[in-house]
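A quick write-up on the structure given underneath.
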Amino acid sequence: MISAPIGQNEAERLEALREYQVLDTPDSADFDDFTRLASEICGTPIALISLVDADRQWFKSKVGVDASQTPRDISFCGHAIHGGELFEIHNALEDDRFRDNPLVAGAPDIRFYAGQPLISSGGFGIGTLCVIDRVPRKLNEHQQDMLKVLGRLVVQQFEFRLGEKKLATALSEQQMQNETLKNLEGRHRQLLYKLQVGIVVHGPDSKITFSNPRASELLGLSEDQIQGKVAIDPVWRFLNEAGDPLNLEDYPVNRVMRTKLPFKESVLGIDSPAHGAIVWVSVSAFPEMDEHGHLKEIVVNFHDITQQKLEEKKQLAITQNLHAITNMRQAILNSANFSIISTDLNGLIQTFNQGAEHMLGYTANEVEGVKTPAIFHDPNEVVARAKILSEELKTSIEPGFDVFVAKARMLRVPDEQNWTYLRKDGSHLPVMLSITAIRNNDGQVTGYLGIAVDITERVCNEQKQIQLTNELKISEEHLRLLNLSLEERVAERTEKLESTLTILHQSREALALSEAKAMLSTLIASVTHELSTPIGNNMLASTTMTSILRQMQQAISEGSLKRSDLVKMLSDLDSCATLVERNSDRAEHLLTSFRHVAADQASEQRRVFDLANVINEILDSMAPSLKRHSHQIEMNIADNVMMDSLPGPLGQVIINLVNNAYLHAFEDRSNGLVTINAIKTEDHVTLIIADNGIGIPEENLQKLFQAFFSTKIGKGGTGLGMSIVRNLVTKTLKGDLAVQSKIGLGTRVEITLPLELPLEGAESSS
């Protein structure tokens, strides 16, 4: 404990104190009014007017304690008088000056103290107007201001008393008392009128004897309308916290009259036509008894908490929205036909969706928080990849978890690689894995997200394509050998040529099927890559929202939540919720477009469809790969162009033509434009796909639909794209195809299709 200090001007200070002639004087109702107001305004059980004498502090007025004085060396007020500002201790147990003070360790068990210094006209601190509580707390700005006002009024009362004595020779005692009462009444009324808390005083018969302007404002009635009203008057329309009408016996004044006990901080709604809306208030009512124990009056105070109630309602709505978004995110994760795994910085698995469970054979409970993705990988592949990365990144990458995330972390780009997954049952599964670093608002990496797709079918198709290519080479060698002895082996040559042509036709059809499947596999890889961004953003936003909610719960439990903090937290939660909703919509849109296109590509089922919708879905599924270029696609097809046909083959045609434009038409060019339009007649529709590219030379235009003709042979082209397009249009879709091109101006493809495909060879499905 640190004793209250003694100032260098102690003698002058004591002289100023004694000049007021108030030490050891009897109790005074004038001063008791100040302590009672201070106690009610600040909501504390104890309030004192304390005067600091040479070796004691003496209480001129007191509320909540029986003692009339305590030693100065243990007093809080002895510290407070040395400054001109409010002296406030929020928790005495945490303050070195007071934690072992007898007034803290024992009765009255002080935890909170706030004292406004009483400064004499000569500038000396003679005491304080202080409020005390037995629990830690903090005054709000309004309470601090009111305590300062009351402190000044106490000093004015001292000055007034001193002046009264000095004027005793000039005025009669009765005149002085009347003047004093008049001044005090005016000052008290002025103080009450300034309060931002509604004050209503009821007499013992429940009639209202006083109300301040704030009470009129909150009740929606004028002062004249309020005066004389009783507690059961029908003008009052109070609601309980649930919004139901409040029973008469539960009105605050009626409860106090019945129990003679204080009624503190109850939430009520005031339904007044003057407001046009319900005003919510926190109400307290205190009984005042006379010397015989009879009820003298009831003082009711109430303050507006409408904004607080609105914010609580908004918080509830946000919390419910967060739950809905979280459920939506989980539904998307669980419905995705992909393995989605997230980890922390050390590689421990944090998220393991149902797609991962189906793909790898483990359950989420087996791996989350205890395993790393390294257990799913072939060790030989990990070692080989570590060597490649070390050379590529010019730094040593050790075999382990860093092999998967180093590129995403260091280069800030997704790392997409083919890997072999090791399932729980020991079997192997080829996958394409895209790994992205999850970053917070400051750009710091907080974890990693891996999305994998099964590429078993793609690998098989690639192997079949290699096999078919080898067979083609063998067939070409057969032809070369046959030509060496053409005249001698005409009959034999004719027979083998027919056999070779059969192989070529079969190979061409197999390559066409392989190319269509490879096209679908490319779409899967593109959509997988595009999904990593919204899913990664959602996981970061979800982590941020969880942190904010924990902070809010902790602040509420500690009672330290401020309005400004609550508003900021709600704003941050709202921003996060908007981000999650936007990214969830994007992921859902991608999955929906992909499912439609994938379903159509995987079958040749006939159905009724809107032409614009199908082409939009096709372009959406191509967007992840096309956006790597600066070219643009513009589609102008009216709604409700309904077709009863095969959307799958139509999609293959559109994909081939758009890819051809990007690959051939815009070679060595940037900012190319592809347009897709449609002209509908009575029973046909003509699709026009045009570009502003380099055009096709006349000699190539004549060979455009020949199988295996391509200007990109050896550079990734098979020469089957336009041959497939012609077969799909003329044979499968029963339409016509025409191509026009001019060097330097571009190419125009017109496809005329029946709105209703003839029934032969196709099963209708709506």
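Select, from Ile119, Ile74, the only residue that is surrounded by fewer than 20 Cβ atoms within 10 Å (Cβ to Cβ), of a type in the set (Val, Ile, Thr), touching a residue at least 60 places away in the same chain (Cβ under 8 Å) and over 30 Å from Val201 (Cα atoms).
Residue meeting the stated conditions: Ile74.
Assuming Arg237 fulfils every condition listed in (1) touching a Pro at 6+ places or on another chain (Cβ under 7 Å); (2) more than 22 Å from Glu297 (Cα to Cα) apart from one, which condition is it?
Here Arg237 meets the rest and fails (1).
Could you identify the single residue in Gly443, Gly426 that is modelled with pLDDT under 90, of a type in the set (Gly, Ala, Ser) and either surrounded by fewer than 12 Cβ atoms within 10 Å (Cβ to Cβ) or assigned by TED's automatic domain parsing to the domain that holds Gly369 (or both)?
Gly443
Could you figure out which of (1) among the hydroxyl-bearing types (Ser, Thr, Tyr); (2) at pLDDT below 90; (3) not assigned by TED's automatic domain parsing to the domain that holds Gln320 isn't true of Thr681?
(2) is the only condition that Thr681 fails.
Consider the range 117-158. How many of its residues are in contact with a Cys (Cβ under 7 Å, 6 or more places away or on another chain) and not in a loop (DSSP other than H, G, I, E, B)?
Matching residues across the range 117-158 total 6.
What is the residue count in the range 233-273 for residues that are without any contact (Cβ under 8 Å) to a residue 12 or more places away in the chain and assigned to a loop (DSSP other than H, G, I, E, B)? Show your work before the answer.
First, pick out the residues of the range 233-273 that are without any contact (Cβ under 8 Å) to a residue 12 or more places away in the chain: 233-234, 242, 244-245, 247, 249-250, 258-259.
After this cut, where a residue has to be assigned to a loop (DSSP other than H, G, I, E, B) as well, the list is 233-234, 242, 244, 247.
Within the range 233-273, residues that are without any contact (Cβ under 8 Å) to a residue 12 or more places away in the chain and assigned to a loop (DSSP other than H, G, I, E, B) number 5.
Has the range 643-662 got at least one residue that is surrounded by fewer than 21 Cβ atoms within 10 Å (Cβ to Cβ), in a loop (DSSP other than H, G, I, E, B) and assigned by TED's automatic domain parsing to the domain that holds Gly746?
No.
Exactly one of these conditions fails for Pro204: (1) in the same structural domain as Thr35 (by TED's automatic domain parsing); (2) surrounded by fewer than 18 Cβ atoms within 10 Å (Cβ to Cβ); (3) modelled with pLDDT of 85 or more. Give me its number.
(1)
Only one of Gly369, Gly347 is in contact (Cβ under 8 Å) with a residue 40 or more places away in the chain, outside any helix (DSSP H, G or I), in the same structural domain as Ile438 (by TED's automatic domain parsing) and of a type outside the set (Phe, Trp, Tyr). Can you tell me which?
Result: Gly347 is the single residue among Gly369, Gly347 that is in contact (Cβ under 8 Å) with a residue 40 or more places away in the chain, outside any helix (DSSP H, G or I), in the same structural domain as Ile438 (by TED's automatic domain parsing) and of a type outside the set (Phe, Trp, Tyr).
Restricting the search to the range 9-57, which residues are among the acidic types (Asp, Glu) and under 50 Å from the mean Cα position of the chain (by Cα)? Full working, then the answer.
Initial filter on the range 9-57 (among the acidic types (Asp, Glu)): 10, 12, 15, 19, 24, 27, 30, 32-33, 40, 53, 55.
Answer for the range 9-57, where residues must be among the acidic types (Asp, Glu) and under 50 Å from the mean Cα position of the chain (by Cα): just Glu40.
Only one residue in Ala105, Ala4 is buried (at least 17 other Cβ atoms within 10 Å of the Cβ) and at pLDDT below 95, so which one is that?
Of the residues listed, the single one that is buried (at least 17 other Cβ atoms within 10 Å of the Cβ) and at pLDDT below 95 is Ala4.
What's the total number of residues in the range 140-150 that are under 19 Å from Ile110 (Cβ atoms) and buried (at least 21 other Cβ atoms within 10 Å of the Cβ)?
Let us first name the residues in the range 140-150 that are under 19 Å from Ile110 (Cβ atoms), namely 143-144, 147.
Still in the list and also buried (at least 21 other Cβ atoms within 10 Å of the Cβ): 147.
Residues meeting the conditions: 1.
Among the candidates Leu181, Leu167, which residue alone is modelled with pLDDT under 85 and over 22 Å from Asp32 (Cβ atoms)?
Leu167
Residues that are under 28 Å from Glu164 (Cα atoms): which strands (runs of 3 or more DSSP E) entirely in the range 1-108 hold 1 or more of them?
46-52, 56-63, 69-71
So which residues in the range 399-453 are among the aliphatic types (A, V, I, L, M), assigned to a strand (DSSP E or B) and under 18 Å from Ala386 (Cβ atoms), if there are any at all?
Leu422, Leu433, Ile435
The values are calculated or read from the model by the stated rules, or taken from the named source; none is laboratory data. Just so it is clear, the model here is predicted, and its values are computed rather than measured. Note: ideal-geometry Cβ built from the backbone for every residue, glycine included; neighbour counts use all protein chains shown.
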